[in-house]
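Data block below; observations after.
The values are calculated or read from the model by the stated rules, or taken from the named source; none is laboratory data. The model shown is predicted, which means the values in this text are computed figures rather than measured ones. Here the Cβ positions follow ideal geometry from the backbone for every residue, glycine too, while neighbour counts run over all protein chains shown. Only protein heavy atoms, including side chains, enter the accessible area calculation; ligands, DNA and RNA are left aside. Shrake-Rupley method; radii C 1.70, N 1.55, O 1.52, S 1.80 Å.
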Amino acid sequence: MLAVFTALMAFTGSLRAEDGYALWMRYAPLEPALVAHYGTSLGEVVAPDQTPTQRAARDELVLGLTGLLDRAPRLNTSAVTGHAVVLGTPTSSALIAPLHDEMASLGQEGYLLRRAHIGGREVLLVAAPRDIGVLYGVFHLLRLLQTGASLDTLEVRESPRLQLRVLNHWDNLDGHVERGYAGRSLWDWQTLPEWRDPRYTDYARANASLGINGTVLNNVNASAQSLAPDYLAKAAALADIFRPYGIRVYLSARFSAPIELGGLATADPLEPDVQRWWRDKADEIYAHIPDFGGFLVKANSEGQPGPQDYGRSHADGANLLAKALAPHGGVVMWRAFVYAHDVPADRATQAYTEFAGLDGAFLPNVIVQVKNGPLDFQPREPFHPLFGAMPHTPLMMEVQITKEYLGFATHLVYLGPLYEEVLQADTRARGEGATVAQFLTGIAGVANIGNDRTWTGSHFDQANWYAFGRLAWNPQHPSRDIAAEWAAMTFAPDPEVVEPIVGMMMASREAAVSYMTPLGLHHLMARGHHYGPGPWVDGGPRADWTSVYYHRADRHGIGFDRTARGSNAVGQYAPDVAALYGDVTQVPEPLLLWFHHVPWDHRMASGRPLWDELVGHYTQGVRQVQGMQTTWAGLQGRVDAHRHAQVAAFLSIQRREAQWWRDASVAYFQAVSGRPLPAGETAPPHPLAWYQALAFPSAPGDGR
Ligand code: GCW
């Protein structure tokens, strides 16, 4: 949402060389017309300074105004002497106290921004029931300035829709980040707790700017060591740094920790010794971190220990930890990403099979954390059938911000539309319209953050962190608007910069779907590291870790039959949705091969046979990446040279890899189907065997 003033602006401000470290908080000098406009009303900051959060809010505002307006504002703690921005809560500021009653409905984290008069002076209020709301309000105000919005009729009331807005770091204690493409872990466990890298504070600022209020520090494939006393002291140091920014620390808990750390013979949740161990551990953690958020748990999934090892249920396991945390106010985020050891008919059905029947069996401080789709963060999946199916259980949705299946950090793929698609998906639960977002207590994003200078491994991946945070605050926020404000803040609030960038971003996810897994195909990447195409992947320890299991292509057709004739995964959705997805004539084409096995000459809405359309999608995806390259080239001179060059280089990688995906996939499916290439399509430059022989033993981010 760029406002009126942007049109007035010539472009100069952001041509300083930039390395991306500042994220969307660059506070680069605004154009003179804007400085003149804002300058008159923002010359002074009146802010209390009694608590760390109050000081964080004041300092951020001063930093922002100084950068944007190229002049430091006057600073007062309580007296208004000019056109000021007045910060505070009813308790921290006598100037804000009169707003006490009307702010009650804002809740613990809400805020308001408003123009007012104090002592005959025009002021701008950033007011909230609690300090943290003031900090959030300051970031809102700075966002308005950075995007060139008008402040003339300012009246903003904001509160977050979701209670828990949490990053999940899949960071190992040795610094390796599972599925991380942005360098090593940000947490330097070796130098903590003594060395408090200033970068930790910048991490907290970035999250607070979005309203993210929790972070899980360690990988869900957890080491019990994270709960050992020395690591708790390190986590406590991070918690101290994050606390003023409203961010609680959580830890992934290894279910077998009572054995590994406590020396017990069992981790059986019904064993009194085990229960005592977790109670003591919780007490110990809270002695270090009084506002500890709680545990995230991956249990009985992909080899992780869990309650089923003792014949107990997921509810038994979650409740064990929930009881230990409850006296301290902590929660358990128990993941529903499970699939059984003995490979069943359809892996996509398993979370529902194991969890739906447990609805109501969890203690109130358990939240079941469900991935956005039933499989595993694919470029496109239908929404997870558990949304809407567990009305008596608080749910969180887990999305990946890191792009394990979407081209790592080098492909420009803006995930806002993916998140939006699932948040807005209609579950038709109880026969009524009810979006996925309506069932959520919280949202978790698997972080794409590492120690790379850009934080996220590329400039455009910053947008995915940003979009996650903005949608966590308000799941109704259109992803296009989010892209526009991010682009304005990250590059320049100039429509000639923002519009082309938003165009690239908004089309990018569909482009990736097209060149990787069009029309509902899924899980076709190379084995293990998931880098590049591998539709031929077969054999190995489990069928559901292969590609052929998912695409089921043969001479006659392609696709996974999940209708009642097949695995009946459709039966896990509400009847209206099941009817839609289960009917090959009605299923949305982007999900066709997810739910149906169809012949190669299945007629598509376009009138073309499926085979032609499939190849067409692959080619179209590559073409779209070329289009992004052209658009980006047109921004040369409007984006600083350093960032422009890196994005351009990454787009060439993407272009090359999109072509590779297309050629390898077409070569493979052609070999399987025995079909000639549709007219006008170019043959892959290499035989199938060439693509199959490519090996990348050092691809980044592997699981271990
Ligand atoms: O996406 C898959 C990843 C694993 C990951 C697992 C999970 C943390 O390939 O690396 O493990 O999902 O979500 O638990």
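Dipole check for region 2-158: with +1 at the C-beta of Lys and Arg, -1 at the C-beta of Asp and Glu, and the Cα centre as origin, the magnitude is about 180 Debye. Packing order of peptides 379-389, 647-657, 417-427, highest average first: 379-389, 417-427, 647-657 (average count of other Cβ atoms within 10 Å over each peptide's residues). Dipole orientation for region 164-490: of the candidates Gln424, Leu296, Val274, Gln424 has the Cα lying most toward the positive pole (charges on Cβ; Lys, Arg +1; Asp, Glu -1). Label separation (Asp188 vs Val584): 6.0 nm, computed from points 7 Å beyond Cα along the C-beta direction.
Rounded to the nearest 20, the size of the Cβ-charge dipole of region 496-593 about its Cα centre is 460 debye, with Lys and Arg at +1 and Asp and Glu at -1.
Past the 25 angstrom mark, what percentage of all C-alpha to C-alpha distances in region 579-695 do you count? Counting pairs separated by more than 25 Å, the tail of P(r) holds 41 percent. Coupling constants for region 326-338 follow from the phi torsions by the Karplus curve (6.51 cos²θ - 1.76 cosθ + 1.60, θ = phi - 60°), and in residue order they are 3, x, 9, x, x, 10, 10, 9, 9, 7, 9, 7, 10 Hz; glycine and proline get x. The modelled label-to-label distance between Phe696 and Ala228, using points 7 Å beyond Cα along the C-beta direction, is 3.4 nm. A straight chain from Thr77 to Tyr286 at 0.36 nm per residue would run longer than the Cα-Cα distance by 71.8 nm.
For the listed peptides 241-251, 679-689, 29-39, a ranking on the average number of other beta carbons within 10 Å per residue, highest first, reads 241-251, 29-39, 679-689. Think of each Lys and Arg Cβ as +1 and each Asp and Glu Cβ as -1; about the Cα centre, that makes the dipole of the chain roughly 480 debye. Looking at the chain alone, DSSP beta bridges between its own residues are antiparallel in about 30 percent of cases. How much FRET efficiency would the formula 1/(1 + (r/R0)^6) give for Ala356 and His556, where r is the Cβ-Cβ distance and R0 is 56 Å, rounded to 0.05? Approximately 0.95, to the nearest 0.05. Adding -39500 (n - 2.57) for every DSSP H run of four residues or longer, then dividing by how many residues the chain holds, sets the calculated 222 nm ellipticity at -11000 deg cm²/dmol. Starting from the Kirkwood Rh over alpha-carbon pairs, what translational D in µm² s⁻¹ does region 385-465 have by Stokes-Einstein at 10 °C and 1.306 mPa s? Answer from the Stokes-Einstein relation: 114 µm²/s. For region 2-158, the solvent-accessible area works out to 40 Å² per residue, with a probe of 1.4 Å and every protein chain left in place. Ordering of 176-183, 541-548 by packing is 176-183, 541-548, highest average first (other Cβ atoms within 10 Å, averaged per residue).
Of all beta bridges that DSSP places with both ends in region 2-158, some 50 percent have antiparallel geometry. In region 2-158, the inverse of the mean reciprocal separation of distinct Cα atoms equals 15.8 Å; this is its Kirkwood hydrodynamic radius. The smallest convex shape that holds all Cα atoms of region 164-490, its convex hull, gives 124 Å³ per residue. Once the C-beta distance of Thr631 and Leu63 is scaled by a Förster radius of 35 Å, the resulting FRET efficiency is 0.60 to the nearest 0.05.
With all protein chains in place and a 1.4 Å probe, the accessible surface of the chain carries 53 percent carbon and sulfur.
For the chain, the residue among Ala671, Val446, Gly566 whose Cα projects farthest onto the positive side of the dipole built from Cβ charges is Ala671. Extending 7 Å from the Cα toward the beta-carbon at both Arg121 and Ala649 defines two label points whose distance is 5.0 nm. Phi angles of region 407-414 translate, via the Karplus equation with coefficients 6.51, -1.76, 1.60 and θ = phi - 60°, into HN-Hα couplings of x, 6, 8, 8, 8, 7, 9, 7 Hz per residue; Gly and Pro are given as x.
In µm²/s, what is D for the chain at 10 °C and 1.306 mPa s, where D = kT/(6 pi eta Rh) by Stokes-Einstein and Rh is the Kirkwood radius from Cα pairs? In µm²/s, the coefficient is 60.
Around the amide H of Ile118, modelled in the peptide plane, lie the amide H atoms of Val123, all under 5 Å away and 5 or more residues distant in sequence or on another chain. Would you please give the FRET efficiency between Asn568 and Ser606, computed as 1/(1 + (r/R0)^6) with r the Cβ-Cβ distance and R0 = 35 Å, to the nearest 0.05? Taking R0 as 35 Å, the efficiency between Asn568 and Ser606 is 0.75. For region 278-287, putting each phi into the Karplus relation 6.51 cos²θ - 1.76 cosθ + 1.60 with θ = phi - 60° gives couplings of 5, 4, 5, 4, 4, 4, 5, 4, 5, 5 Hz, in residue order, rounded to whole numbers and with x for Gly and Pro.
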